[in-house]
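Scroll down for the structure; my scribbles are underneath it.
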Amino acid sequence: MSAQQLHITLAGRELVMDAGTTAADALNQHYASAGEPPGGTVIAARVNGELRDLATPLADGDEVAGVDIASEDGRAIVRHSTAHVMAQAVQELFPGAKLGIGPPVEAGFYYDFDVEQPFGPDDLKSIEARMRAIVKQGQRFSRRAVSEDEARTELAKEPYKLELVGLKGKAADHDEAVEVGGPELTIYDNIDPKTGAVVWSDLCRGPHVPTTRDIPAFKLMRTGGAYWRGSEKNPQLQRIYGTAWESRQAQDDYLHLLAEAERRDHRKLGTELDLFSFPSEIGSGLAVFHPKGGTIRRVMEEYSRQRHLEAGYEFVNSPHITKSELFETSGHLGWFKENMFPPMQFEGADYYLKPMNCPFHILVFRSRGRSYRELPLRLFEFGTVYRFEKSGVVHGLTRVRGLTMDDAHIFCARDQVGAELKSLLKFVLDLLRDYGLSDFYLELSTRDEAKE
């Protein structure tokens, strides 16, 4: 092999290419030589398993695959690229705006800004119009690596970006990772295709679509407030949410789905059908059920109780408050305190509203000596718990500060664990289906060694 040639693997085929070949070059040669044009639109590449721009130069031995715009990765790249276009439009229309972060999220994207006045409906219209002009220009996304000193110099007027520069190579949450997701800092420039001039830049890990013209469909949805890095101790920024898709049809389908979901929104139905309400006199996230809603709840609880009894669960009950000692022993005060309501002091002790039922069920189990013949012991309760959710996430009956949990804990011998897990999963999934729920997923939580 010549020193000027590279061996590239693509779709199981080895290609010999010249030095300086980009991911786009390799993909184009593969499709041309194989006679297999892509079924969709390729907007990025996976190089050795990592997402990269199509303009990425390849090295000898690289394995390359195309990323289709309609794939999960492809949509995320389109949405993140659209977030950049939105931020550019905002700073062109509001020159004093400071940039926060702008990650892709499920079905869309957002970007946070520090501005003097909150954005209004007319502002969103102006921003969206400016975005369409930028997309039409076909500005090219161009990546360049920078040192930390170079980044600090270039971003001297962006205080929030400067804070993120300090996270390089350190822990960052998922949204922040789009800016500083690795040990290398990179900045993306938006290049005017006619003059070659840099018209806008942003700290970003990437990748992005090749040009703004590769963003097929987008729409700005709404605005809201968001604390910088999620902490109420930090400044509140203005967040703009949008959606972006691989085609106009895909976006229209999504907007239709949203409209149908809004028509069926449980908060709207709760009012129209006189089921429940959230009186301001009680507090945010604390619902009261009206007679019709109470009837629905009673029927659901009675069915659940009967199913649990048939499955060998025993019904217990525990109080709503407890002395702090219990949650100190369980670890909740050490690891979960910020999600608990403040304590009440009386009789020389701190009492907390319970956020979970687990410690109470353990006290039931240890209330007397137990024989192995009693195992497995399945304890079940409709336990009302209280959690201090932040005001920005409280949402109808899906994110509340007071809720009644259909909660159970199983005490068993080690050799019974396998059978109990299998029985438990079947029981829970069957019960969900009985309530008409079929679209769900499971997560397994294991003991965190750092919390032992």
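Please give, to one decimal in nm, the separation of the simple spin-label points placed at L363 and D439, each 7 Å out from Cα toward the Cβ.
4.1
Just checking my list (i) 22.8; (ii) 26.5; (iii) 31.9 against Kirkwood radius over Cα pairs in Å computed from this structure; which label fits?
Computed from the coordinates, Kirkwood radius over Cα pairs in Å corresponds to (ii).
Name the long-range amide H neighbours of R401: under 5 Å, sequence gap of 5 or more, or other chain; modelled H, no Pro or chain starts.
Excluding prolines and chain starts, which carry no amide H, the hits are L286.
In terms of modelled amide H atoms, which long-range or inter-chain residues lie less than 5 Å from the amide H of V105?
Hits under the 5 Å cutoff: Y110.
Report the extension gain between L375 and T295 in nm, rounded to one decimal, defined as 0.36 nm multiplied by the number of residues separating them, less their alpha carbon distance.
25.2 nm
Among the trypsin sites (Lys or Arg not before Pro) within segment 301-371, which fall in a DSSP loop and have no more than 10 other Cβ atoms within 10 Å of their own Cβ?
On the way: sites: R305, R307, K323, K337, R366, R368, R370; in loops: R366, R368, R370.
Passing sites in segment 301-371 are R366, R368.
What 222 nm value per residue comes from the helices of the chain, counting each DSSP H run with n ≥ 4 as -39,500 (n - 2.57) and dividing by all residues, nearest 500 deg cm²/dmol?
-10000 deg cm²/dmol
Given a 1.4 Å probe and every protein chain left where it sits, what share in percent of the accessible area of segment 5-158 is carbon and sulfur?
Ligands and nucleic acids excluded, carbon and sulfur give 48 percent.
Looking at H266, Y303, S284, which one has the Cα that reaches farthest to the positive end of the dipole of segment 245-318 (charges on Cβ: Lys, Arg +1; Asp, Glu -1)?
Sorting the options by dipole projection puts first Y303.
Would you work out the relative contact order for the chain, in percent, from Cα pairs under 8 angstrom that are 6 or more residues apart?
For the chain, the relative contact order is 10 percent.
Place a +1 charge on the Cβ of each Lys and Arg in segment 315-452 and a -1 charge on the Cβ of each Asp and Glu, then give the dipole magnitude about the Cα centre in debye, rounded to the nearest 20.
The dipole magnitude comes to about 200 debye.
Show me the ranking of peptides 142-153, 219-230 by mean Cβ neighbours inside 10 Å, starting with the highest. All intermediate terms of the calculation are to be shown ahead of the outcome.
Working: 142-153: 13.8, 219-230: 16.2.
For the peptides 142-153, 219-230, the packing ranking is 219-230, 142-153.
Taking all protein chains as present, what is the carbon and sulfur share of the accessible area of segment 251-326, in % to the nearest whole number, probe 1.4 Å?
Roughly 57 percent of what the probe reaches on segment 251-326 is carbon or sulfur.
If you roll a 1.4 Å probe over the heavy atoms of the protein chains, what accessible area per residue do you get for the chain, in Å²?
Spelled out: the 1.4 Å probe surface of the chain, per residue, equals 57 Å².
So in the chain, what percent of DSSP beta bridges are antiparallel if you round to the nearest 5?
95
Counting only the heavy atoms of the protein chains, how much of R75 is accessible to a 1.4 Å probe, in Å² to the nearest 10?
Using a 1.4 Å probe on the heavy atoms, I get roughly 70 Å².
Of T195, L429, A156, which is farthest towards the positive pole of the chain's charge dipole, taken about the Cα centre with +1 and -1 on the beta-carbons of Lys, Arg and Asp, Glu respectively?
Final value for the positive-end residue is L429.
Checking the a/c ratio against 1.5 first, then a/b against b/c, what shape does the Cα gyration tensor give for segment 341-425?
oblate
So, in nm, how far is label S33 from label A261 when the simple model puts each one 7 Å beyond its Cα toward the Cβ?
Each label point lies 7 Å from its Cα, and together they span 4.5 nm.
Which pairs in the list K98/K161; K292/K390; K233/K390; K323/K354; K354/K390; K219/K268 are over 19 Å apart, alpha-carbon to alpha-carbon? Let's see the in-between values first.
On the way: K98/K161 9 Å; K292/K390 29 Å; K233/K390 13 Å; K323/K354 10 Å; K354/K390 17 Å; K219/K268 24 Å.
Listed pairs above 19 Å: K292/K390; K219/K268.
Keeping all protein chains in place and using 1.4 angstrom, which order do E260, E443 fall into by accessible surface area, from largest down?
Putting E260, E443 in descending order of accessible area: E443, E260.
Shape call for segment 187-336 from the C-alpha gyration tensor, a ≥ b ≥ c root eigenvalues: rounded (a/c under 1.5), prolate (a/b greater than b/c) or oblate?
It comes out prolate by the Cα gyration axes.
Give, as a single signed number, the net charge of other residues whose beta carbon lies under 10 Å from the beta carbon of G108, with Lys and Arg counted +1 and Asp and Glu -1.
On the way: positive: R75, R79, K219; negative: E106.
That sum, taken over residues with Cβ under 10 Å, equals +2.
Quick check: pseudo-label points 7 Å beyond the Cα along Cα→Cβ at K337 and C412, how many nm apart are they?
About 3.6 nm, to one decimal.
Could you run the Karplus curve 6.51 cos²θ - 1.76 cosθ + 1.60 with θ = phi - 60° over segment 398-410 and give me ³J(HN,Hα) per residue in whole Hz, x for Gly and Pro?
Karplus-based 3J(HN,Hα) across segment 398-410 equals 8, 9, 10, 9, x, 8, 9, 9, 7, 10, 9, 9, 10 Hz.
Among K233, K136, what's the order by accessible area (1.4 angstrom probe), most exposed first? Could the numbers behind the result be given before it?
Numbers: K233 180, K136 145 Å².
Largest accessible area first, the residues go K233, K136.
Near the amide H of T186, under 5 Å away, which other amide H atoms are found, from residues 5 or more places off or on another chain, if H is placed in the peptide plane?
Hits under the 5 Å cutoff: V146, C204.
Could you give each residue of segment 224-235 its phi-based ³J(HN,Hα) in whole Hz, using Karplus coefficients 6.51, -1.76, 1.60 with θ = phi - 60°, and x for Gly or Pro?
x, x, 8, 6, 4, 6, x, 10, 5, 7, 9, x
Run the dipole for segment 272-356 about the Cα centre, Lys and Arg Cβ at +1, Asp and Glu Cβ at -1, nothing else charged, and hand back the magnitude in debye, nearest 20.
Roughly 180 debye, rounded to the nearest 20.
Per-residue HN-Hα couplings for segment 413-430, Karplus 6.51 cos²θ - 1.76 cosθ + 1.60 at θ = phi - 60°, whole Hz, x for Gly and Pro?
With the stated coefficients, segment 413-430 comes to 6, 4, 6, 9, 4, x, 5, 5, 4, 5, 5, 4, 4, 4, 5, 5, 5, 5 Hz.
Among F119, A413, L237, whose Cα lies farthest out toward the positive end of the dipole of the chain, if unit charges sit on the beta carbon of Lys, Arg (+1) and Asp, Glu (-1)?
Positive-end residue among those listed: A413.
Report the trypsin sites (Lys or Arg not before Pro) located in segment 400-452 that are in a DSSP loop and have at most 11 other Cβ atoms inside 10 Å of their Cβ, or state none.
R447
What angle do you read, to the nearest 10 degrees and between 0 and 90, between the alpha-carbon axis of helix 23-34 and the longest principal axis of the chain?
For 23-34 against the chain, the angle is about 80 degrees.
So how strong a dipole does the chain carry about its Cα centre when Lys and Arg Cβ are +1 and Asp and Glu Cβ are -1, to the nearest 20 debye?
Details: 54 positive and 68 negative charges, 213 e Å.
Rounded to the nearest 20 debye, it is 1020 debye.
Quick one: which of 56-68, 282-294, 198-210 comes out on top by average Cβ neighbours within 10 Å, and what's the full order, highest first?
The peptides rank, most packed first, as 198-210, 56-68, 282-294.
The values are calculated or read from the model by the stated rules, or taken from the named source; none is laboratory data. The shown structure was predicted, so the numbers you read here are calculated from the model rather than taken from an experiment. Cβ atoms come from the backbone with ideal geometry, glycine included; neighbour counts cover every protein chain shown. The protein model used for the area step is the full one, side chains on, heavy atoms only, and it has no ligands, DNA or RNA in it. Shrake-Rupley method; radii C 1.70, N 1.55, O 1.52, S 1.80 Å.
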